[in-house]
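The values are calculated or read from the model by the stated rules, or taken from the named source; none is laboratory data. As the structure is a prediction and not an experimental result, all values here were calculated from the model. As a convention, Cβ positions derive from the backbone with ideal geometry for all residues, glycine included, and neighbour counts pool all protein chains shown. Side chains are part of the model used for accessible areas, which takes the heavy atoms of the whole protein and leaves out ligands, DNA and RNA. Shrake-Rupley method; radii C 1.70, N 1.55, O 1.52, S 1.80 Å.
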Amino acid sequence: MTVAIEIDHLSVKLGNYLALDDINVNIEKGEFIAIVGPNGAGKSTLINAILGLVPLHKGSIRLFGQDASKAPENLIGYVPQLKTIDRNFPAVTCDLVISGIRRRWPAWLKKKDHEEVEEALALVGAAHLCHKQLGQLSGGEIQRVYLARALIRHPKLLLLDEPATGVDAVGEERMYDILEEYMLNKEITAMIVTHDWLAARHHATKALVLDRRLISYGPPSEALNDEYMGQAFGHLGHAHVMDNLNDNA
């Protein structure tokens with residue numbers, strides 16, 4: 001198997017706060033990784049470190065064999081947790097999706113642009129939204145549009161930071177279905193930050209449990225066991241969640 005992400009003795013400081021401490025993990029190409037941990041565990045910081053948005057205090061990150069800081073811009077597709085777009089901004093869905101390539105709002109779209117946008121939206125089952133005003137989109141529709149915005153780059157690595165925030169259970173399940181189908185067809189690697197341990201156990205090929213340090217990494221049935229989840233979340237807080245996991249296994 002080809003290693004997609006090599007994280008070697010990674011530490012990240014945010015001011016004087018050690019957000020990540022000596023993380024070591026290799027992620028193989030084609031894996032669907034769920035990143036799990038309590039609030040403040042460094043989950044989003046890990047995503048930001050891979051994206052190059054925070055400086056590394058120690059260690060290194062390599063993507064497909066090359067230093068992450070030198071990786072091609074279109075290597076990664078990213079779906080942020082907070083969709084900070086102004087819903088009153090006078091733009092339509094296709095404008096937002098093409099910004100995944102242009103990195104700015106377009107003055108106009110060429111025929112080729114339209115074709116790429118429609119293809120990306122079709123991948124997430126949202127082709128009908130192309131000309132819909134952003135302010136008219138539901139939470140689930142916004143989720144799909146941001147996913148299309150990431151996929152239009154044809155990335156080899158897809159990073160998603162709690163993409164289901166503000167989306168109902170049906171929308172979340174549909175998102176996972178879309179991701180699994182896309183990954184199967186395109187053979188990409190994906191990492192998703194999630195608080196939904198049931199979804200992680202059901203959909204991810206591997207789980208990565210963090211609490212500033214790496215607690216466990218492996219198949220969800222192993223990485224999300226009682227011992228590791230107790231280390232991450234504390235024995236009192238996770239007992240009933242683990243009962244739910246076992247009931248739904």
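Overview of results
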read-out	value
Contour minus Cα-Cα distance for ASN225 and GLN133 (0.36 nm per residue)	28.7 nm
Sequence-separation-based contact order of the range 5-88, relative, with Cα cut under 8 Å and 6+ spacing, percent	33 percent
Per-residue ³J(HN,Hα) for the range 212-226, Karplus 6.51 cos²θ - 1.76 cosθ + 1.60, θ = phi - 60°, Hz, x for Gly and Pro	6, 10, 6, 8, 7, 8, x, x, x, 4, 9, 6, 9, 6, 4
³J(HN,Hα), Karplus 6.51/-1.76/1.60, whole Hz, each residue of the range 66-80, x for Gly, Pro	10, 3, 4, 5, 10, 5, x, 4, 8, 5, 10, x, 10, 10, x
Hz values of 3J(HN,Hα) by residue in the range 17-34 - Karplus curve (6.51, -1.76, 1.60), Gly and Pro given as x	8, 7, 7, 9, 10, 6, 8, 10, 6, 10, 10, 7, 4, x, 6, 10, 9, 9
Positive minus negative residues near GLY42 (Lys, Arg vs Asp, Glu; Cβ under 9 Å)	+1
Residues with amide H under 5 Å from that of ILE215, placed H, sequence gap 5 or more	VAL209, LEU210
Residue-normalised accessible area of the chain, expressed per residue, 1.4 Å probe, Å²	49 Å²
Point-to-point label distance, HIS57-GLN81, nm (Cα→Cβ direction, 7 Å offset)	1.9 nm
Solvent exposure ordering (accessible area, 1.4 Å, most first) of SER221, SER138	SER221, SER138
Portion, in percent, of the accessible area of the range 131-207 that falls on carbon or sulfur, probe 1.4 Å	49 percent
Sequence-distant residues sharing a close amide H with LYS29 (under 5 Å, placed H)	THR2, VAL3, ALA4
Crossing angle, helix 139-151 versus the chain [Cα axis fit, 0-90 degrees, rounded to tens]	90 degrees
The range 168-206-the range 21-83 distance, computed between alpha-carbon centres (Å)	17 Å
The chain: angle of helix 169-186 to the longest principal axis, Cα-based, in degrees nearest 10	80 degrees
Crossing angle, helix 93-102 versus the chain [Cα axis fit, 0-90 degrees, rounded to tens]	70 degrees
Cut-off under 5 Å, modelled amide H: who pairs with ILE35 long-range	ILE192, VAL193, THR194, LEU208
Gaussian network model of the chain, springs between alpha carbon atoms under 10 Å - residue of LYS58, LYS156, LYS43 with greatest fluctuation	LYS58
Pairs beyond 22 Å (Cα-Cα), from LYS156/LYS206; LYS29/LYS110; LYS110/LYS132; LYS13/LYS206; LYS43/LYS186	LYS29/LYS110; LYS13/LYS206; LYS43/LYS186
Area of LYS29 that stays accessible when all protein chains are in place (1.4 Å probe, Å², to 10)	80 Å²
